[in-house]
Structure formats: C-alpha cells, structure tokens
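Everything on this sheet refers to the single structure shown next.
The values are calculated or read from the model by the stated rules, or taken from the named source; none is laboratory data. If you're wondering where the values come from, they're calculated on a predicted model, not measured in any experiment. Accessible surface is based on the protein model in full, side chains and every heavy atom, while ligands, DNA and RNA are left aside. Shrake-Rupley method; radii C 1.70, N 1.55, O 1.52, S 1.80 Å.
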Amino acid sequence: MAEEDGIQIAVKEKQPELVEHFAQVIASRKLAHAYLFAGESGIGKDELATWIAMRLFCLNVQNNMPCGKCQECRRISTNQHPDVVVVKPDGQSIKVDQVRFLKSEFTKSAVEGNQKIFIISDADKMTAGAANSLLKFIEEPSPNVTAFLLTTNKNLMLPTIISRTEVVELKPLIPAQFKAQLQKEEITPSLIAMAMNLTNSVVEVKNWLADDWLSQVQSAVSRWFLLAFQKDMRSFVEVQAKIMGLAKTKENQQLILDIVMLYCREALILKVNPNNLRLSFPNQDEQIKQGLTNKSESRLMAATEQALQAKNLMNRNVSFQNVLEALTIRLCRIY
C-alpha cells in the first residue's frame, strides 16, 4: 500500500462513521465554516481533518472518497499544500510567531483555487490573544474557508469559540483497535494489558514509556503489592526504596495510585470472576490467585475502597509518600 494511503487507512479504522458522514456532507456541499473536533489523543482527529482536506482537493475522487494518490492528496498528506494551513504547538503552546502567521493567513485568499482549509492541532493551547483572533475569523467567516480546531480537552476552549463552531465528539477507540495501535508500537504484552485499563490514548502511553518509566513503575508497584497482599510489612520499606524515586511529579503520583487501584481491583476480580478478559496483570495473576484462598470477598472489597480513598487524599494535597505509606499499613491489616 502506498505511503500516501496511510491517512485514509488510519481514519477509516478509527472513525469509519465520521468518514462516511463527512463524505456525504461534502458531496451535498453542506460543510460548515468551522468545526471543533474533540476527543482523546490518538483517536484520529488529525487524520480526519486531513482526510476532509484531501476529499475537498482530490483530483480523482472515487466513490465519494479521495484517491490518496494524486498530486493534491500527496501534498496535503505531507503538509505541503499552500491552501491547507496546518498549525501545531511549538513545544507546550502555540507561540506568538505562529499566531502572527495564522492571523496573516486568515486575511489571504487561496493560492491555487477558491478553497482554503485551516487545521489547528491542540487548539486549547492557544494564548487568549490567539483564541480571540480565531474567534474574529469564526464570527466573520470568509467564503470557501473552513477551519478545523482539534482538542483533547474541550473545556479549555473559549465558550464563545465552542458556541460558534460545530462540535464533533470523536468516539474513543474500541479495545481491539486500541490494542492493535499499542502492538504497532511494539509495547510488551504485560504493559499493554495494564495500559488498556488506564487510558485510551496511544500518545499518553508512549509518554509514559519514555526512559522506561512505565516498565519500572509496573515492576516496583508489583513487588510492593504482592508483599502487602501477603501481609508482609517489607512492603512499607518498598515505598521509600523503590516507588518514591519514580513519583517525581503530581502526574506520576496520580498514575501510580491508579496502578495501585488496578492491583487491588485485580485481586477482587480474580476472586469474583477469574475468567474476566480485561485483566491488567497477566504476569502476576497466578501469584495473586495463590493468595486468594484465605481472603474473603468483603476484605478484597475493603482493600479496593482503601485504594480509592488514597486517591481522594491525594486530591486534598496530602503528600504522596504519606498517602502510600498509610495505605500500605491498611492493606497489610486488611489482607
């Protein structure tokens, strides 16, 4: 399959219903002047916006679909078309120079035809000034110009922008799709099983994998939990010795507590329904099963509730180390 067909393959796999919807919208010439695509990272927002641009410019539309191979499709898929303006954050935000470029492009006519497309990734990362400039464009749209604003967090967008765009909520990937995406990244099966119970974002998982962080966390929390599960107070020492060094940011700490919750829940699930297909820790499940014989369902439920309370304490700004050490003592007593 030619490289330029990759976008079509990806978007049809991730958002087939929206592909069909926009194909019909374009065919009937009812495309709005501004859309807000909202949804988790990795579910096809960029691919869908690019596909729409390809469909609008394609020289050889087939069955209401872009061919993916003509000069126009190739230029769009490689971000080289002068009338398809793509803006992405430079680092953590969309910077002043990018905003100036965007504002200047809003005032220009199409270079090669009468159609112009703007695709703004992570639009929630625009400054207030940039967002207001965009609002002016949306309020006074030029003919044959369409903007696609992409965001993972609709709540961070100006309410005035939301009210003036057609909001499209993209569906999360179904588990089989998400698993296939992670397998393409050559992530180990044990990490895939855990990640699928933590998020629906491929990008988020890849960020966690940086510097082998997620693998180290899985190993450290696994050892800690299995010790606590056996009522072994050496688990208390593991908090300082192994886990704290991996919990340097608030986001790291919250994720570690999410994994702790998964372990407590895993024990409960294995007690109630050992054939569940969405288990998180296939490599540790046999060890957990061996410890279930003398543990009642009510105790396992109590442990899970303690893990949930630990997450709530973190939200009240109690220190992570204090939260996890207190939870360790409680779990050893419950188990």
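Structure note, pairs LYS45/LYS125; LYS108/LYS154; LYS30/LYS116; LYS206/LYS250; LYS179/LYS242; LYS95/LYS248: Cα-Cα distances above 21 angstrom occur for LYS108/LYS154; LYS179/LYS242; LYS95/LYS248. Surface listing: ARG330, ARG100 arranged by accessible area from highest to lowest gives ARG100, ARG330, probe 1.4 Å. Computed with every protein chain present, the accessible area of ARG265 is close to 80 Å² [probe 1.4 Å]. Going by accessible surface with a 1.4 Å probe and the largest first, GLU238, GLU112, GLU204 read GLU112, GLU204, GLU238. Calculated over region 82-153, the projected area of the Cα convex hull averaged across directions stands at 4.6 nm².
Using DSSP, restrict attention to beta bridges with both residues in region 72-203 and report what percent are antiparallel, rounded to the nearest 5. It would help to have the intermediate numbers written out before the result.
Numbers: 1 of 11 bridges.
Just about 10 percent of them are antiparallel.
Remark: region 115-213 is approximated by an ellipsoid whose semi-axes, taken from the C-alpha gyration tensor as √(5λ), come to 35, 14, 12 Å, largest first. Angle check, please: helix 45-57 long axis (alpha carbons) against the longest principal axis of the chain (alpha carbons), in degrees 0 to 90, nearest 10. Helix 45-57 and the main axis of the chain meet at about 20 degrees. Rounded to the nearest whole Hz, the Karplus-based 3J(HN,Hα) values (6.51 cos²θ - 1.76 cosθ + 1.60, θ = phi - 60°) of region 286-301 follow the sequence 5, 5, 5, 4, 4, x, 7, 4, 10, 10, 7, 4, 5, 5, 5, 5, with x at glycine and proline.
Altogether, the Stokes-Einstein calculation at 25 °C and 0.890 mPa s, with the Kirkwood radius of region 288-335 over Cα pairs as Rh, returns a diffusion coefficient of 215 µm²/s. Enclosing the Cα atoms of the chain in their convex hull gives a volume equal to 159 cubic angstrom per residue. Under a 5 Å amide H cut-off, with hydrogens placed 1.01 Å from N, ALA34 pairs with ALA147, GLU166 among residues at least 5 apart or on other chains. DSSP bridge analysis restricted to the chain gives an antiparallel fraction near 10%, rounded to the nearest 5. Relative to the globular-protein estimate of 2.2 N^0.38 Å, the Cα radius of gyration of region 171-248 stands at 1.26. Surface analysis of region 79-189 yields an accessible area of 55 Å² per residue, using protein heavy atoms and a 1.4 Å probe. Each listed q (0.16, 0.29, 0.30 Å⁻¹) maps to a log10 I(q)/I(0) for region 53-97, found by the Debye formula over equal Cα scatterers with no solvent: -0.49, -0.96, -1.00. Put HIS81, HIS33 in order of accessible area, highest first, and with a 1.4 Å probe you get HIS33, HIS81. Heavy-atom accessible area for TRP51, with the other protein chains in place and a 1.4 Å probe, reaches approximately 0 Å².
Relative to the globular-protein estimate of 2.2 N^0.38 Å, the Cα radius of gyration of region 166-215 stands at 1.21.
Ranked from largest, the principal axis spans of the Cα set of region 1-136 equal 42, 33, 28 Å.
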